[in-house]
């Protein structure tokens, strides 16, 4: 709060002068912040006051970020305010930050989003086909923050749990569960904050395309009790959290259908890799698998996924959905997933290939992936 | 996520070298960030790499911040890493940021917290008496993110709703509700993220000191449908949201006890002022009132609170609890609340005065306030 700050000053802080054109503050801005602004044609104007800086740049997060290739120089006005307007951006959510004389600086006008192993700024550029992830006048589910004690790590963990609309009214209904994982450098907040998974499910359920389901979003890092902490945990530590701690907690806490036919797992990038490992090692627990832009560099259908692709008949019988996807703009991931598609066809493995046209290794690819994937589940 | 970032580099980013002493990373740090670090005696070490900067300073948020009076100069080493260790800090949560050649910069090692009308860094300094807000091995409630459409504003709003442990098991139990508001420049996330309200309730309920209750935390800003947006809304716009939109939605959505005897409101600073206004204007809806460090500069017992203090007998009969508090370290608020206490005694108005010893206009005052206030409710 602002102790001792006079009300008028407070108002002045919150209200910046709007720009005199057709642009509008981004939906990802904090309350009343006027910048960044999105123009009708998709251009984006960024702004940062830094009177003493020698150089201020806009840095989109990642090499194939839809805001363009950074760093992008900004221009100083005579009051020390730096601005830049970039050409029409790719629709969707983009991480970014400023470089002020080389130091990473978040945009004070932006909400923060956990990515790149830190809280960074982000801007959501509207998509003309983006109604599927907007907050619309349909019944909304809840996102619940659930604390639980993990035996594997010996520590409290926090899961985000989406419950569908009317979960608290249909007291005798039990629901299938999708476990949904974020990418490297992100955490359990990513799928709802950047990905809008709750709104995608709300809209898909309202449209009748997806079955009502519970979605569980956890943090894909784990350190075994007693071990020294590391950034990227050995995969099997997180695997043990999912199998031994998370699933039993979810099934004991929520009205789930606790069998493999009603349990799916999907994840993006690193989370896609974790999904392929964990589901294939525990086909007794999962029947639905989604790999959203998983790293495939070392994928070998003979040995990866614990070898389960070697027996197509058995795999096709047990796995109800094997969904692989990528964006056409993330070249390596796109090539790899097309190659996997060819391999799977050769092996006779039933699967669904999805390509998000024009989007790269970014959240718009994964919003679209979830929007395609979720309606195929539990049917 | 970190597209194309090799695993080893990712690990290097996440793992910084720990400092060789008894200090530990703050609990408010992001995953694996080593700074800021808290020493056993309460000193705190801050660190920021900024090789090209001429001057880097630590800026605690607010004049009476428990980290000290800022800006505090930091020292550059030969690699361009700036550090400072401050004397033992006041226990509790403190907003802060860096000034890099005058530009506000969040600490990449810190989580972000919405305060000062932007996402800022924050550090939680342990309190030897702080077990009441720690995550302990007791039954935990949930914090639910609930979207709803407000008729007053014509827009979707987001409430955070704490449901007590076993809410989903005791299907015939109905619960009383506490409406709990943040301060100016903060939002609906403050009471759980900075204030740990959910953990305070979990622990108080487990100890048997507080009755199980629902806690509703909303954003204390509102702009009427069709009006141009402002930072600080006219108080009655938010009042209308609470009375006409929020309370009916909560009573329709959750198993509440929907009468005044089972409805409380409290808030901190600006939220305390809103509480005094809204409860006194709607004593048909609220019987329990908590003012945590409310601004009292213009408070007049004759005219403030819609004049309800003029009739002590009627007030004492209707209001089951009138709780006023402040920290001894927030001088003006402390003096004002003591003066109000004297006035109320003179008027014969029953009330509870609470003073948080040694804390200022900061969240430790309000954690302690909630810890004292919640157990007095609904009994």
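Structure above, values below:
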{"read-out": "Chain A: most fluctuating residue of A:147, A:366, A:116 per GNM, C-alpha cutoff 10 Å", "value": "A:147"}
{"read-out": "Considering only the protein assembly as shown, percent of DSSP beta bridges that pair antiparallel, nearest 5", "value": "65 percent"}
{"read-out": "Label 7 Å beyond Cα on the Cβ vector: residue B:77 copy-to-copy distances, nm", "value": "4.1"}
{"read-out": "Tilt relative to chain A, helix A:197-206 - C-alpha long axis, 0 to 90 degrees, to 10", "value": "70 degrees"}
{"read-out": "Shielding score for A:138-144, defined as the mean number of other chain Cβ atoms within 10 Å", "value": "5"}
{"read-out": "Percent RCO, i.e. relative contact order, over region A:18-126, from Cα pairs under 8 Å lying at least 6 residues apart", "value": "28 percent"}
{"read-out": "Length-normalised contact order of region A:258-335 in % [C-alpha pairs under 8 Å, at least 6 apart]", "value": "30 percent"}
{"read-out": "Relative contact order %, chain A, counting alpha carbon pairs below 8 Å whose residues are six or more apart", "value": "12 percent"}
{"read-out": "Angle in degrees between helix B:331-347 and the longest Cα principal axis of chain B, rounded to the nearest 10", "value": "10 degrees"}
{"read-out": "Span per principal axis, largest first, for the Cα atoms of region A:30-165 (Å)", "value": "55, 39, 29"}
{"read-out": "Average other protein chain Cβ within 10 Å of Cβ, residues A:158-168", "value": "2"}
{"read-out": "Per-residue [θ]222 nm for the protein assembly as shown (sum of -39500 (n - 2.57) over DSSP H runs n ≥ 4, rounded to 500)", "value": "-6000 deg cm²/dmol"}
{"read-out": "Peptide-level mean, for A:106-115, of C-beta atoms on other protein chains within 10 Å", "value": "5"}
{"read-out": "Sites residue A:54 and residue B:225, calculated FRET efficiency, Cβ-Cβ separation with R0 56 Å, nearest 0.05", "value": "0.75"}
{"read-out": "Gyration tensor (alpha-carbon) shape descriptor, chain B, a/c threshold 1.5", "value": "prolate"}
{"read-out": "Per-residue Cβ neighbour rank within 10 angstrom, fewest leading, A:218, B:261, B:142, A:330", "value": "B:261, B:142, A:330, A:218"}
{"read-out": "DSSP bridge pairs, chain B: antiparallel proportion in percent, nearest 5", "value": "65 percent"}
{"read-out": "Crossing angle, helix B:363-373 versus chain B [Cα axis fit, 0-90 degrees, rounded to tens]", "value": "30 degrees"}
{"read-out": "Calculated label separations, residue A:225, copies of the chain, 7 Å along the beta-carbon direction, nm", "value": "5.4"}
{"read-out": "Fewest-first sequence of B:376, A:47, B:169 by Cβ atoms within 10 Å of each Cβ", "value": "B:169, B:376, A:47"}
{"read-out": "Inter-copy label distances at residue B:173 (7 Å, Cα→Cβ; nm, one decimal)", "value": "2.5"}
{"read-out": "Segments A:99-108, B:64-73 sorted - mean Cβ within 10 Å per residue, highest first", "value": "A:99-108, B:64-73"}
{"read-out": "Gaussian network model of chain B, Cα within-10 Å springs - most flexible of B:111, B:357, B:188", "value": "B:357"}
{"read-out": "Per-residue Cβ neighbour rank within 10 angstrom, fewest leading, A:149, B:246", "value": "A:149, B:246"}
{"read-out": "Stretch gain in nm, segment residue B:343-residue B:236, where the contour uses 0.36 nm per residue and the Cα spacing is subtracted", "value": "35.9 nm"}
{"read-out": "Fully extended contour minus Cα-Cα distance, from residue A:209 to residue A:171, at 0.36 nm per residue", "value": "11.4 nm"}
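Laboratory data are not the source of any read-out in this text; all were calculated from the coordinates shown. No experiment lies behind these values; they were computed from the predicted model shown. Cβ sites come from the backbone with ideal geometry, for glycine too, and all protein chains shown count toward neighbours.
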